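The values are calculated or read from the model by the stated rules, or taken from the named source; none is laboratory data. Nothing here was measured: the structure is a model prediction, and the numbers come from that model. For neighbour counting, all protein chains shown are included, and Cβ atoms are generated from backbone atoms with ideal geometry for every residue, glycine included.
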Amino acid sequence: MIGTPIGNLADMSLRGLAALMSMDVIFCEDTRVTQTLLKAYGISKPLKPYHRHNAASTNQALITCVQGGQAVGLVSDAGLPLVSDPGADIVSLCIAHNLPLTVIPGPSAGITALMASGLSVDQFHFVGFLPTQDKERNVLLASLKGGLASLIFYEAPHRLLKTLSILQEAFGDRRAAVARELTKKFEEVQRGDFHHLITHYENNGTIKGEIVIVVEGLQTVAWDHDRALPLLSFALQSLRVKDASQLISLLTGIPRKDLYEKALEIAGNT
């Protein structure tokens, strides 16, 4: 499994190029896209299509190639294969048949957008594309609403405004970032709350490029030391001072050092 650029061909890693050059056959999402990448680096290899519409019927053919001793590469059009793309079955089959496999990492649109968003990177939840069915989508968004992690969504440009409105309805007017054309000449990252983002894209005509939306996680209630003490006392019933301090710091946002000092006082009085 070989990571490929998400836009800028110069982001192809040296190890990834070496792997592509050593393959006997490369299974890819779109042979035309992968051919463009190979041509840019003077590589010529047999290409076979592998995408969500033919994955089920192609899995065994790919495994048969590996079993026959061929070096087989799996790539997507951009970024890391398997991430919002098929391929998990291939990994499971290789493991089940005790066949060697390895991942050659590369760019990820989701991680790149998260880093540029200005939102918290301490915890994040990769969602990918939202379900198209209303009921399934609503259930998923309801399950994500109370999480503290930043949320990463993929979206097509023609659905961006609708999706921003859906997210605003589900999460309220949280902060978010919309990243498009990442690593390319016209890379853009718009930041603000949903109201700002919706207004911006309503007033700026046609939206182009693949889209990543990063949404702020639920912000915890502002905790003060007095309100956190009952939680800290409860945690100390089963955890060491260090561990209890770290846990309550994660839950409340209060610096661990402050909680550690309080925990020592509580532990000393019990």
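Filtering segment 190-221 to residues that are touching a residue at least 12 places away in the same chain (Cβ under 8 Å), assigned to a loop (DSSP other than H, G, I, E, B) and of a type in the set (A, V, I, L, M) leaves ILE207, LEU218.
Restricting attention to segment 212-223 and to residues that are of a type outside the set (Gly, Ala, Ser) and at pLDDT 90 or above, the residue that is surrounded by the fewest Cβ atoms within 10 Å (Cβ to Cβ) turns out to be GLU216.
Quickly run through segment 119-163 and pick out the residues that are among the polar types (S, T, N, Q) and farther than 22 Å from THR252 by Cα. Selection gives THR132, GLN133, ASN138, THR163.
Results for (1) under 25 Å from VAL25 (Cβ atoms); (2) at pLDDT 95 or above; (3) not small (Gly, Ala, Ser), shown as yes or no for each residue.
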{"site": "PRO86", "(1), (2), (3)": "yes, no, yes"}
{"site": "LEU99", "(1), (2), (3)": "yes, yes, yes"}
{"site": "ALA116", "(1), (2), (3)": "no, yes, no"}
{"site": "SER120", "(1), (2), (3)": "no, no, no"}
{"site": "LEU144", "(1), (2), (3)": "no, no, yes"}
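Within segment 29-39, is there a residue that is touching an Asp or Glu at 6+ places or on another chain (Cβ under 9 Å), surrounded by fewer than 18 Cβ atoms within 10 Å (Cβ to Cβ) and either at pLDDT 95 or above or not assigned by TED's automatic domain parsing to the domain that holds ARG180 (or both)? The answer is yes; a qualifying residue exists. Residues of segment 6-36 that are part of a helix (DSSP H, G or I) and touching a strand residue (DSSP E or B) at 6+ places or on another chain (Cβ under 7 Å): ARG15, GLY16, ALA19, LEU20, THR31, THR34, GLN35.
Selection of segment 26-47 for residues being under 22 Å from PRO86 (Cα atoms) and more than 28 Å from the chain's Cα centre (by Cα) yields LYS45, PRO46. Against the list (1) exposed (fewer than 15 other Cβ atoms within 10 Å of the Cβ); (2) outside the structural domain of HIS158 (by TED's automatic domain parsing); (3) not in a loop (DSSP other than H, G, I, E, B), the condition ILE248 fails is (1).
Here's the yes/no breakdown for (1) closer than 21 Å to ILE111 by Cβ; (2) buried (at least 17 other Cβ atoms within 10 Å of the Cβ); (3) of a type in the set (Val, Ile, Thr):
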residue	(1), (2), (3)
TYR154	yes, yes, no
ARG175	yes, yes, no
HIS196	no, no, no
ASN204	no, no, no
GLU210	yes, yes, no
HIS225	no, no, no
ALA228	no, yes, no
ALA267	no, no, no
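Do we find a residue being in a helix (DSSP H, G or I), closer than 17 Å to ILE104 by Cβ and either touching a residue at least 40 places away in the same chain (Cβ under 8 Å) or among the aliphatic types (A, V, I, L, M) (or both) anywhere in segment 41-61? Looking through segment 41-61, none of the residues is in a helix (DSSP H, G or I), closer than 17 Å to ILE104 by Cβ and either touching a residue at least 40 places away in the same chain (Cβ under 8 Å) or among the aliphatic types (A, V, I, L, M) (or both).
Residues are listed down the side, and each one gets a yes or a no for (1) at pLDDT below 95; (2) out of contact with any Asp or Glu (no Cβ under 8 Å at 6 or more places or on another chain); (3) of a type outside the set (S, T, N, Q):
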residue: LEU9; (1), (2), (3): no, yes, yes
residue: LEU17; (1), (2), (3): no, yes, yes
residue: SER22; (1), (2), (3): no, yes, no
residue: HIS51; (1), (2), (3): yes, no, yes
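Looking across segment 171-189, the residues that are under 30 Å from VAL139 (Cβ atoms) and outside any strand (DSSP E or B) come down to PHE171, GLY172, ASP173, ARG174, LEU182.
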